[in-house]
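Please read the structure below before turning to the comments.
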Amino acid sequence: MHILHVGLGPLGARIARDVFDRGIGQVVQAVDVNPGIAGRPLREVIGAGEGVVLASLDSVTGWEDIDAAVVTTSSSVAACADTFRAILRRGKPIVSTCEELVYPWLQHHELAVELDALAREHGGRLLGTGVNPGFLMDALPIIATGVCRRVDRIDARRVQDASARRVPFQQKIGAGLSPEAFSDRVRRGTLRHVGLGESLHLIADALGLRIATWRESLEAVRAETSLTCALGEIRPGHVRGVRQQAIAMNEAAEAFITLDFVATIGQTDPHDRIRVEGEPNLDMTFAGGVHGDEATIAIALNALPSLGASRPGLHTMATVPPVRWRSWKE
């Protein structure tokens, strides 16, 4: 495949390199607005590829030779919208790690309708995915219900030791902040795991269940002893991570989907667990948990064939063929 890659931050650069390492194809053109990256040889930035990193999509040429695009720039659909529009007008499929794109109708309904119409008009396709949101706490529970005659309740719990995660993730969970600084960032909306509400609504939509009301909570998890992370020392009493929860309730005010997300430095017993109450009951646990960065890198590329096999339009992980790993080597 010939890939256009947009966004070469720490995660994006690793995804772009994996295109080469896995034998999927080549990143034939790459774009990043960061002046410290734009203009540099792609090989210098990711260790593979030809040409230089472009500063704008306006500089992209040879669109007819591009098979698909990967966009890894922002968690916000609104911030990514112009990039999506420009690529969709060229009729290309786009896989993005934008968390809100996993179910954009929740917070950006009008924009989602617009992007869907634009994709259909030009033959493009658009999908938001990742490990979470995008798989562990939404697509996986949805797929698991395929063996159920009845579903009464779904619970997904993700408990991560963030010590091995990249610096931007540790920043996102507030590692090292004082309780006051944490609260201030929560109030300003700059600290939270993006996508939990999107996962909640994706599950309900895919299973034909109506959410009467829903709520989301976020609290700090504090260090009891001194800890160290990539951001430096975490003093006792300061923040070592977050617990975030989203709950969907039916008309009787009964919780029928609960998503529980915990990510802290020095977390013990990391794991991912999916439980489905119904007929039959299901209970799946990934001991040790799934490494978020590695899994997101993998699924962003694994989703390309599934999206390419789908009809034009805006998709979710519930509307494309099941995403799976495949060997690209002959």
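Laboratory data are not the source of any read-out in this text; all were calculated from the coordinates shown. Since the model is a prediction, treat every value here as computed from it, not as a measurement. Cβ coordinates were reconstructed from backbone atoms using ideal geometry, including for glycine residues, and neighbour counts include every protein chain displayed.
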Compute the distance in nm between two label points, each set 7 Å from the Cα along the Cα-to-Cβ direction, one at Thr268 and one at Gln26. 5.3
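Could you tell me which of rounded, prolate or oblate describes region 1-91, using a ≥ b ≥ c as the square roots of the eigenvalues of the alpha-carbon gyration tensor, with rounded for a/c under 1.5 and, failing that, prolate when a/b is larger than b/c and oblate otherwise?
On the way: a/c = 1.41, a/b = 1.19, b/c = 1.19.
Rounded is the answer for region 1-91, as its axis ratio a/c remains below 1.5.
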Please tell me the relative contact order of the chain in percent, rounded to the nearest whole number, where contacts are Cα pairs under 8 Å and at least six residues apart. 20
If I stretch the segment between Asp152 and Ala309 completely, what's the gain in nm (0.36 nm per residue apart, minus their alpha carbon distance), one decimal? 53.3 nm
Considering amide H positions built from the backbone, and no H for Pro or chain starts, which residues 5 or more places from Gly278, or on another chain, come under 5 Å of its amide H? Asp152
Just subtract the alpha-carbon distance of Trp63 and Ser183 from 0.36 nm times their residue separation and send over the number in nm, one decimal. 38.6 nm
The exposure ranking of Asp32, Asp82, Asp18, fewest beta-carbon neighbours within 10 Å first, is Asp82, Asp18, Asp32
Enumerate by residue number the GluC sites (Glu not before Pro) in region 50-102 meeting two conditions: DSSP loop (anything except H, G, I, E, B), and at most 15 other Cβ atoms within 10 Å of the site's Cβ. Glu50
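If I take R0 = 35 Å and measure r between the Cβ atoms of Ala318 and Ala252 in this structure, what FRET efficiency does the formula 1/(1 + (r/R0)^6) give, to the nearest 0.05? Write out the running numbers ahead of the final one.
Details: r = 25 Å, r/R0 = 0.72.
That gives a FRET efficiency of 0.85.
Can you give the percent of C-alpha pairs in the chain whose distance is more than 37 Å?
Details: 9400 of 54285 pairs.
The share of Cα pairs beyond 37 Å in the chain comes to 17 percent.
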Roughly how many Å is it from the Cα centre of region 227-263 to that of region 99-128, as a whole number? 28
Classified through the alpha carbon gyration tensor (a ≥ b ≥ c as square roots of its eigenvalues; rounded if a/c is under 1.5, else prolate when a/b is larger than b/c, else oblate), region 139-289 comes out prolate
From the square roots a ≥ b ≥ c of the eigenvalues of the alpha-carbon gyration tensor of region 78-190, which class results: rounded (a/c under 1.5), prolate (a/b over b/c), or oblate? oblate
Listed by chain and number, the residues whose amide H is under 5 Å from that of Gln267, excluding neighbours fewer than 5 places away on the same chain and using placed H, are Ala162, Ser163
The size of the Cβ-based charge dipole (Lys, Arg +1; Asp, Glu -1) of region 1-114 about the Cα centre, to the nearest 20 debye, is 200
